[in-house]
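Asks: Here it is: the structure, laid out below.
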Amino acid sequence: MLILKAILMGAVQGVCEFFPVSSAGHVSLLGNIMGVQTDLFFMIMLHLGTLAAVVLYFRNEIIRCLKELAGILTDLYYNFKQLFVRTEAVSGDAYYRKIISNNYRKLVLMLLVCMGPAILAGAVLMPLAELLSSSVLSCGMGFFITALILLVASYAHKNRKGPKEAKYTDALMIGAFQAVASFPGISRFAMTYCAGLFRGFSKKFAKLFSFLILIPSVVGAFFLEGARSSWGAPAIGVLPSVFGMLAAMAVGYYVISFAMKLFEKVKLKTFSVYCFCIGAVSVIFYLI
């Protein structure tokens, strides 16, 4: 029975992760309704499931980013060697190679910059976020915050920036917004997407950036949690956690394509109203 509940929560994670409605908040609320005790380990396992879905869906973009990251490291090594060894340039290379030579390289560096404040704040806020993750009232407050951010972002205009026009300060701001999503009910996707809109990103670029930043975010959270804990048995159990992760991966993979199309048609105000309503439900459930 517990495995079935874990699968249901994993499926909810797979659906909600790709909309600005806080998947963690929905899973936590559902867990409280079903009387299932969840912890940070279980939540990270579910996020690993949706992470696998993102990697599979955006595999071409990710492979290109990894190739460019390898190119960046290679060129940095070349420039470092030129600086200290003073060898002659060969094969038509300039004396020093340009590191940011295309949009994909800039995107890779922006993702890395974005992770700076997220990792720093995550290390500080993770214990508090874990403490609040089982609180329905905290989830409700988080949903209200998400609703407010979405409402404000719905009035953002003149969004034209792509990778070429974006700045690294934009990535820092998005990272700061992402750090707030450590708390239950506050949607990571909503925070990163809306922060991108606030900084003038086009909707297409803000959406792609928000999906791709999920990868280092989840991996970072996984290692941060591992570094500060002994990885004892999760509250819900190892086997249910694995089944929940697989459900999140399977459902998430098939939801991404649908979400990408639907997100173009549904206005942010609609998601804002939804988050406000689910926040109200959370508060009412807490009070009764």
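Asks: Given the conditions (1) at pLDDT below 85; (2) outside any loop (DSSP other than H, G, I, E, B); (3) closer than 29 Å to A280 by Cα, and given that I174 satisfies all but one, which numbered condition is not satisfied?
Replies: Of the numbered conditions (1) at pLDDT below 85; (2) outside any loop (DSSP other than H, G, I, E, B); (3) closer than 29 Å to A280 by Cα, the odd one out for I174 is (1).
Asks: Just to be sure, is A52 open to solvent by 20 Å² or more (accessible area, probe 1.4 Å), in contact (Cβ under 8 Å) with a residue 12 or more places away in the chain and closer than 21 Å to I149 by Cα?
Replies: Numbers: open to solvent by 20 Å² or more (accessible area, probe 1.4 Å): yes; in contact (Cβ under 8 Å) with a residue 12 or more places away in the chain: yes; closer than 21 Å to I149 by Cα: no.
In short, no.
Asks: Only one of these is modelled with pLDDT of 90 or more, surrounded by fewer than 17 Cβ atoms within 10 Å (Cβ to Cβ) and among the aliphatic types (A, V, I, L, M): V266, V251, V238, V273. Name it.
Replies: Working: V266 fails: modelled with pLDDT of 90 or more; V251 fails: surrounded by fewer than 17 Cβ atoms within 10 Å (Cβ to Cβ); V238 fails: modelled with pLDDT of 90 or more.
Only one candidate passes the filter, namely V273.
Asks: Can you name every residue in the stretch 1-18 that is at pLDDT below 90 and within 15 Å of G185 (Cβ to Cβ)?
Replies: E17
Asks: Please enumerate the residues belonging to the stretch 146-171 that are on the phi < 0 side of the Ramachandran plot, assigned to a loop (DSSP other than H, G, I, E, B) and open to solvent by 50 Å² or more (accessible area, probe 1.4 Å). If you could, list the steps in order and put the result at the bottom.
Replies: Restricting attention to the stretch 146-171, the residues satisfying the condition of being on the phi < 0 side of the Ramachandran plot are 146-157, 159-171.
If we keep only those that are assigned to a loop (DSSP other than H, G, I, E, B) as well, we get 154-157, 159-160, 162-167.
Those that are on the phi < 0 side of the Ramachandran plot, assigned to a loop (DSSP other than H, G, I, E, B) and open to solvent by 50 Å² or more (accessible area, probe 1.4 Å): Y155, H157, R160, K164, E165, K167.
Asks: For I44, state whether it is over 24 Å from Y193 (Cα atoms) and at pLDDT 80 or above. Give the derivation first.
Replies: Values: over 24 Å from Y193 (Cα atoms): no; at pLDDT 80 or above: yes.
Against the criterion (over 24 Å from Y193 (Cα atoms) and at pLDDT 80 or above), I44 does not qualify.
Asks: Within the stretch 85-92, can one find any residue that is assigned to a helix (DSSP H, G or I) and either on the phi > 0 side of the Ramachandran plot or at pLDDT below 90 (or both)?
Replies: Within the stretch 85-92, the subset assigned to a helix (DSSP H, G or I) is 85.
Filter once more, so that each one left must be either on the phi > 0 side of the Ramachandran plot or at pLDDT below 90 (or both): 85.
Yes, that holds for at least one residue.
Asks: Sort out which residues of the stretch 1-49 are among the aromatic types (F, W, Y), open to solvent by less than 20 Å² (accessible area, probe 1.4 Å) and part of a helix (DSSP H, G or I), and write them in order of number.
Replies: Passing the criteria: only F42.
Asks: Would you point out which residue out of A259, A221, A179 is at pLDDT below 85, touching a Pro at 6+ places or on another chain (Cβ under 6 Å) and of a type in the set (A, V, I, L, M)?
Replies: On the way: A259 fails: touching a Pro at 6+ places or on another chain (Cβ under 6 Å); A221 fails: touching a Pro at 6+ places or on another chain (Cβ under 6 Å).
On inspection, the qualifying residue turns out to be A179.
The values are calculated or read from the model by the stated rules, or taken from the named source; none is laboratory data. This one's a predicted model, so the numbers in the text were calculated from it and none came from an experiment. In this analysis, Cβ positions are derived from the backbone assuming ideal geometry, glycine residues included, and neighbour counts consider all displayed protein chains. We work out accessible area using only protein heavy atoms, side chains counted, and drop any ligands, DNA or RNA first. Shrake-Rupley method; radii C 1.70, N 1.55, O 1.52, S 1.80 Å.
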